[in-house]
Amino acid sequence: MKFYIHTFGCQMNASDSEHIAGMLLASGMTASPIPEESDLIIVNTCAVREKSEEKLYSLLGRLESLKKDKGTIVGIVGCVAQLHRSKLWDKKPSLDFIIGPDNYGKIPKILPNLPSEKVLFTDWSSDWTDQPIQQIERDSKVCAYITIMEGCNNFCAYCVVPFTRGREKYRPIPSIKDEAEDLASRGYKEIQLLGQNVNSYTDPETGKNFAALLKEINNIGNIEWIRFITSHPKNFTDEIAFVMKESNKVCHQLHLPIQSGSSSVLQRMNRGYTREDYLEKIDLLREMMPDIHLSTDIIVGFPDETQAEFQETLGLLADVRYSNIFSFRYSPRPLTAAAKKEDNVALVEKKNRLIQVQSLQKKIQLEKNKSFIGQTQKILCTGISRKDPHVYAGRNAGYQVVNFTSPNDVRNRFVWVKIHSCGPYSLFGEVKEFSSRNN
Ligand code: SAH
Ligand code: SF4
Ligand code: F3S
């Protein structure tokens, strides 16, 4: 039997899909990149914005004919599965299974009974359950995700994630270290620690915090770059910044979502910090690590966001000058506190605010990127450029995309690249030197 997995959403989902693929391979199936040729199609779903859900329904619409013609088994997993549970059958009666994030370990067991039996697994478990790490089918041979926690306790007013991923539960440090050591022994160079709110990590056995975890991971073999996502400004401590500064492996790069530059909007969002608290942390980070690359998430058009409040977001972007941002129009989500309020910023105004955010940021990024021209940077090459197969693609320590030419195939290796030009979203260069000890 062949399977195909389509993944929507964040790194958490990408990582879960790698785990699911590993389980299916271990149970004797083969992976296929082509849905039409597969016997089983799994869609790993995202519920964070209405648009993410709409994309799912249009994909399922397209898959329906495959089911009719070939009897393909189609099931969904992930955040939409958990959010709507059996109600999804009202919308899509042909779905063979609906399985939420806490139940992926059961997937191999249900396979023999499909498609005669419809399956729903959406219960929560309160403790961390380890998955066999040898089974993970990773997309990359050089960068790997390591999940350190699941769920979120924060209940930001706009966010559905606490309802799709449940409450926080943490993976024990020895289990995290085992996975990191296994990756190091197989030649991985970069690891990314994953969780919805990694800064609140607490080892369930010893009570050690995220800073302590980072320190322990820093000692692991041939791993050269360590990153983590996502941080929450209210839980990001001076101690974490200090470990980042002192570590020779933790990249000087941080994604620190602010969401809005206005303290009154932040309060209505239930974010637990003010604009001033946030800016203080940014100042400290830059003082400790002048070379740090910062990125953030912005939501425009949250209920009651005034023109003056929105201007504060633009002002903040101009002050902080992030290396990269992800910006979204507010989208009301089921079960969230904000969904009870009127979604009263008109769509045209939301669109307008988003354009203003994105065009300001584009200008800032272009200016910042120009300052890297002439520098030689260490790049981890991860593949070939999507636009040109003669051009290699990778990222620098700051997590910026760098496209470059090279006379040799340097995929999955560190290289030194001289930057000769740039656009707002990437840097361009040519390879100067291959890093010595990483073939
Ligand atoms: N745990 C992470 C990511 C959450 S989802 C965090 O706390 O930052 C990723 C981003 O999607 C959020 O940071 C937010 O900017 C955006 N987002 C979440 N819910 C949204 C909504 N209802 N409408 C618009 N954007 C939303
Ligand atoms: Fe959502 Fe807030 Fe939790 Fe992030 S911290 S996942 S935005 S509730
Ligand atoms: Fe989406 Fe779930 Fe991630 S809602 S952003 S896939 S945690």
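Write out the cysteines belonging to the chain for which the nearest other cysteine Cβ is not under 4.7 Å, or none if no such cysteine exists.
Flagged as lacking a Cys partner: C10, C46, C79, C143, C152, C251, C381, C422.
Excluding I373 itself, what net charge comes from residues whose Cβ is under 12 Å from its Cβ, given Lys and Arg +1 and Asp and Glu -1?
Here the count lands on +2.
With +1 assigned to the C-beta of every Lys and Arg and -1 to the C-beta of every Asp and Glu, and no other charges, what is the dipole magnitude of region 2-121 about the Cα centre in debye, to the nearest 20?
With Lys and Arg at +1 and Asp and Glu at -1, about 220 debye.
Name the residue, out of G28, G105, G394, whose mean-square fluctuation peaks in a Gaussian network model built on the chain with Cα pairs under 10 Å.
Ranking G28, G105, G394 by mean-square fluctuation puts G28 first.
Near N344, within a Cβ-to-Cβ distance under 12 Å, what is the net charge of the other residues, with Lys and Arg +1 and Asp and Glu -1?
Around N344, the surrounding residues sum to -3.
Defining a contact as two alpha carbons under 8 Å apart and six or more residues distant in sequence, what relative contact order in percent does the chain show?
10 percent.
Where does each of K249, K340, K362 land when they are ranked from fewest to most other beta-carbon atoms within 10 angstrom?
K340, K362, K249
Taking neighbour counts of Cβ atoms within 10 Å as a proxy for exposure, in what order, fewest first, do S116, S38, S421, S263 appear?
S116, S421, S263, S38
What percent does the relative contact order of region 136-369 come to when contacts are Cα pairs within less than 8 Å and at least six residues apart?
Normalised by residue count, the contact order of region 136-369 is 18 percent.
Please report the antiparallel percentage of the DSSP beta bridges confined to the chain, to the nearest 5.
Among the beta bridges of the chain, antiparallel pairing accounts for roughly 35 percent.
Sequence gap at least 6, Cα distance under 8 Å: using those rules, report the relative contact order of region 376-434 to the nearest whole percent.
Relative contact order of region 376-434: 34 percent.
Taking the Cα centroid of region 333-399 and of region 226-274, what is the distance between the two, rounded to the nearest whole Å?
Each part's Cα centre sits 18 Å from the other's.
As a check on your grasp of the helix formula, calculate [θ] at 222 nm for the chain: sum -39500 (n - 2.57) over DSSP H runs of n ≥ 4, divide by the residue count, round to the nearest 500.
Helices in the chain give a 222 nm mean residue ellipticity of -10000 deg cm²/dmol.
In region 358-439, what GluC sites (Glu not before Pro) fall in a loop by DSSP, with at most 10 other Cβ atoms inside 10 Å?
none
Where a number appears in this text, it was derived from the coordinates with a stated rule and is not lab data. Keep in mind it's a predicted model, so treat the numbers as computed, not measured. As a convention, Cβ positions derive from the backbone with ideal geometry for all residues, glycine included, and neighbour counts pool all protein chains shown.
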